[in-house]
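Enquirer: Below is the structure I would like to discuss, written out as structure tokens.
Values quoted throughout were computed directly from the atomic coordinates according to the rules given, and no laboratory measurement underlies them. Only a predicted model underlies this, so the values are computations on that prediction, with no experimental measurement involved. Cβ: placed from backbone, ideal geometry, glycine included. Neighbour counts: every protein chain shown.
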Number of protein chains: 2
Amino acid sequence: MGKVLVFGHKSPDTDAICSAIAFADLKNQLGEEVEAIRLGDLNGETEYVLKHFGAEVPRLVKTVANEVPAVYLVDHNERAQSADDIEDVDVLSVVDHHRIANFETKAPLYYRAEPVGCTATIINKLYKEAGIAIPKTIAGLMLSSIISDTLLFKSPTCTEEDVKAAKELEAISGVDTQSYGLDMLKAGTNIADKTAEELISIDVKPFKMGKYAVEIAQINVVDTDDALSRQAELEASINKEIDAKDLDLFVLAVTNILTSDSEVLVLGKAASAAESAFHVTLDNNVATLKGVVSRKKQIVPVLTEALTK
Amino acid sequence: MGKVLVFGHKSPDTDAICSAIAFADLKNQLGEEVEAIRLGDLNGETEYVLKHFGAEVPRLVKTVANEVPAVYLVDHNERAQSADDIEDVDVLSVVDHHRIANFETKAPLYYRAEPVGCTATIINKLYKEAGIAIPKTIAGLMLSSIISDTLLFKSPTCTEEDVKAAKELEAISGVDTQSYGLDMLKAGTNIADKTAEELISIDVKPFKMGKYAVEIAQINVVDTDDALSRQAELEASINKEIDAKDLDLFVLAVTNILTSDSEVLVLGKAASAAESAFHVTLDNNVATLKGVVSRKKQIVPVLTEALTK
């Protein structure tokens, strides 16, 4: 078997980057030739993480079929979130913790999904099942993935298995999870130097829900007013995105990592579906979702339900 | 959590039945309330297996949402192969060894697929990972699954992991794999007492390939002439099936378990796709596929390729 590329989703977050690096390390230790690459720019949090552990930044690519016949996916499976030419390569394996949708293969494959908070938690098991030791730096990156995806264990997506994996990775990496974790999360909340266009694309994911094209973006902050004071320019950028991609719905969730609440800014012709999904009334296109921090567990399922019935 | 049902695909084969029974046992040992059920009649081979080990025949059901809100799937994932009302329940987990297609969930789930020859090979790992002992009878059923799916290790779908699992299960069950295996396979090849309608539905699977509706049936024999001498009545039954379901293609593979070759009987308006897929010319709707015994590995991928390009 020749070289294989491994990558997480577009608009990569810390788990998409660090789980690709970890999976490549595991496969390379097992004797394969695997390179972790990325499908988009690093966000501020992930930059902080890679710098902290002195890890190399994966190479940015747009297409993969021009390089390899087959790939490994981590932290995603839906086509719209993957490489532009994902249809043109064989997917040999997937390690993921999201719903399965718009994913199809011609042949059997290795698919490992578990309903845990973070891909790195599953990769931690794969290392153990293969009897391979996790290098210290890789353990730090995997711990960072878990901190990021679970917002330091506060998200409802966080499971006992994530907490257990984080403890094991803390021991290997020698990192103090609480103090490092808060610094790392805060590094991702600096939005002052970002344009509105950047803010809605730092962590955006497209979804096909029933017949509707939906995008859900999320930004983490320590003060939601920092973001909402820029509502007019955010709306202009979102409407441009809606027009360009003919979207039915765009949801921007501004999540306060200290209070664990989100303000959502909702635009598009299917906006009323968001109101019925969350039992809220939009006021000037905005509503508060108390206790909502997880796109995957608290936003995607209820919106999907509302848009497919 | 209330009771959960677990089941394999429609037109169940030995793996679909025995892996459901084994998975239910594992979950019940872990403290859950799980019942293995079946979506169709037992074939002759599976009847032989259950009788040999004195195992209970799972209850036959058509729909599941009237009984439970959530289910476990084994040995399949595609909607067309599942319960008629699979859309109305939550799929909590899938253990499978097939391609992934026409499968979608609203929320994250446990999904464990590996490109091995048999679901029971994966369930063997799940028992070990959970630290649960496999009861002697269940080990016999799981070994039967592996023998059935790999045609006693002769199919190209058979992997080293299947052979390894079979050895472990042989030791637990106390069964002599070779002699028991041949008896078991032969029990599934008695076609004299079956109507043509039964023969094309013993082991049939529907597929959506590109825009085409396809069904692929397979019967195991020790003499292909036994089946092909009945070509006229088989064609009449197949054409009735094509009309009733508006199929584009129906492939009946008659597989000789001793020589490991198949005769295929191909009908439907997309029949020429089968010719280009297998590089054969149909003679009176029939062609010989040398060395082809696996629908999953040697028929589905090449037909999918031919019908989607």
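Enquirer: When the gyration tensor of chain A is built from Cα positions, what are the square roots of 5 times its three eigenvalues, in whole Å, from largest to smallest?
Expert: 31, 23, 17
Enquirer: Ranking request for peptides B:204-213, B:97-106: highest mean number of other beta-carbon atoms within 10 Å first, then the rest in descending order.
Expert: Descending mean neighbour count gives B:97-106, B:204-213.
Enquirer: What 222 nm value per residue comes from the helices of chain B, counting each DSSP H run with n ≥ 4 as -39,500 (n - 2.57) and dividing by all residues, nearest 500 deg cm²/dmol?
Expert: Result for chain B: -11500 deg cm²/dmol, rounded to the nearest 500.
Enquirer: Out of the DSSP beta bridges found with both residues in the stretch A:166-309, what percent are antiparallel (nearest 5)?
Expert: Of those bridges, close to 70 percent are antiparallel.
Enquirer: A further question on this structure: Considering the stretch B:149-244, what Rg and Dmax in Å follow from its alpha-carbon atoms?
Expert: Computed over the Cα atoms of the stretch B:149-244, radius of gyration and Dmax are 17.0, 49 Å.
Enquirer: Now for a different question. Can you give me the distance in nm between label points at A:Asp41 and B:Lys154, each placed 7 Å from the Cα along the Cα-to-Cβ direction?
Expert: The answer from the label model is 6.1 nm.
Enquirer: Ok, one more. So how do A:1-8, A:124-131 stack up, highest first, on mean other-Cβ count within 10 Å?
Expert: A:1-8, A:124-131
Enquirer: Additional query: Using a simple spin-label model with points 7 Å from Cα along the Cα→Cβ vector, what separation in nm is obtained for A:Arg59 and B:Ile132?
Expert: So the label points at A:Arg59 and B:Ile132 sit 4.5 nm apart.
Enquirer: Measuring label to label, 7 Å along Cα→Cβ, what does B:Asp176 give against each other copy in nm, shortest first?
Expert: 6.8
Enquirer: With +1 on each Lys and Arg Cβ and -1 on each Asp and Glu Cβ, and nothing else charged, work out how big the dipole of the protein assembly as shown is about its Cα centre, in Debye to the nearest 20.
Expert: With only Lys, Arg, Asp and Glu charged at Cβ, the dipole is about 360 debye.
Enquirer: Separate question: Among B:Val68, B:Val95, B:Gly54, which residue has its Cα furthest toward the positive end of the charge dipole of chain B, with +1 on Lys/Arg Cβ and -1 on Asp/Glu Cβ?
Expert: Going by the Cα projections, it comes out as B:Val95.
Enquirer: Describe numerically, in nm with one decimal, the distance between label points set 7 Å from Cα along Cα→Cβ at A:Val163 and at A:Gln29.
Expert: Placing both labels 7 Å beyond Cα along the Cβ direction yields 2.6 nm.
Enquirer: Which whole-Hz ³J(HN,Hα) couplings does the stretch B:72-82 yield from phi under the Karplus relation 6.51 cos²θ - 1.76 cosθ + 1.60, θ = phi - 60°, glycine and proline marked x?
Expert: Along the stretch B:72-82, the couplings run 10, 10, 10, 6, 5, 9, 5, 3, 4, 9, 9 Hz.
Enquirer: Any idea what angle helix A:177-187 forms with the longest principal axis of chain A, computed on alpha-carbon atoms, 0 to 90 degrees, nearest 10?
Expert: Taking Cα atoms only, the helix is inclined about 50 degrees.
Enquirer: What ³J(HN,Hα) values, in whole Hz, does the Karplus curve 6.51 cos²θ - 1.76 cosθ + 1.60 give for the stretch B:270-287 when θ = phi - 60°, with x put for Gly and Pro?
Expert: 9, 4, 5, 4, 5, 4, 6, 5, 9, 6, 9, 10, 6, 10, 6, 6, 10, 9
Enquirer: What is the list of residues in the stretch B:27-64 whose amide nitrogen lies under 14 Å from a point 7 angstrom out from the Cα of B:Asp88, following Cα to Cβ?
Expert: Under 14 Å, as judged by backbone N against the label point of B:Asp88, lie B:62-64 of the stretch B:27-64.
Enquirer: Where in the stretch A:212-273 are there GluC sites (Glu not before Pro) that are in a DSSP coil and have at most 16 other Cβ atoms within 10 angstrom of their Cβ?
Expert: For GluC sites (Glu not before Pro) across the stretch A:212-273 that sit outside H, G, I, E and B with at most 16 neighbouring Cβ atoms in 10 Å, the list is empty.
Enquirer: For the charge dipole of the protein assembly as shown, defined by +1 on Lys and Arg C-beta atoms and -1 on Asp and Glu C-beta atoms about the Cα centroid, which residue among B:Ala133, B:Ala196, B:Ala166 has the Cα displaced farthest towards the positive pole?
Expert: Going by the Cα projections, it comes out as B:Ala133.
Enquirer: Using a/c under 1.5 as the rounded threshold, could you call the stretch A:26-163 rounded, prolate or oblate? The axes a ≥ b ≥ c are square roots of the C-alpha gyration tensor eigenvalues, and prolate needs a/b larger than b/c, oblate otherwise.
Expert: In terms of gyration-tensor shape, rounded.
Enquirer: Residues of B:92-100, mean number of Cβ from any other protein chain within 10 Å of their own Cβ, rounded to a whole number?
Expert: Rounded to a whole number, the mean comes out at 4.
Enquirer: Now for a different question. I'd like the antiparallel share, as a percent to the nearest 5, of DSSP beta bridges with both residues in the protein assembly as shown.
Expert: 45 percent
Enquirer: So what is Rg over Rh here for the protein assembly as shown, counting just Cα atoms and using Kirkwood for Rh?
Expert: My calculation puts Rg/Rh at 1.00.
Enquirer: Considering only C-alpha atoms, what is the centroid distance from the stretch B:179-214 to the stretch A:213-251, in Å?
Expert: 54 Å
Enquirer: Continuing with the same structure: Which distances in nm, rounded to one decimal and ordered from shortest, link the label point of B:Ala65 to the equivalent label points in the other identical copies, with labels set 7 Å from Cα toward Cβ?
Expert: 3.7
Enquirer: May I pose another question? Calculate, in whole percent, how much of the Cα-Cα pair population of the stretch A:89-187 lies beyond 24 Å.
Expert: When every Cα pair of the stretch A:89-187 is considered, 27 percent fall beyond 24 Å.
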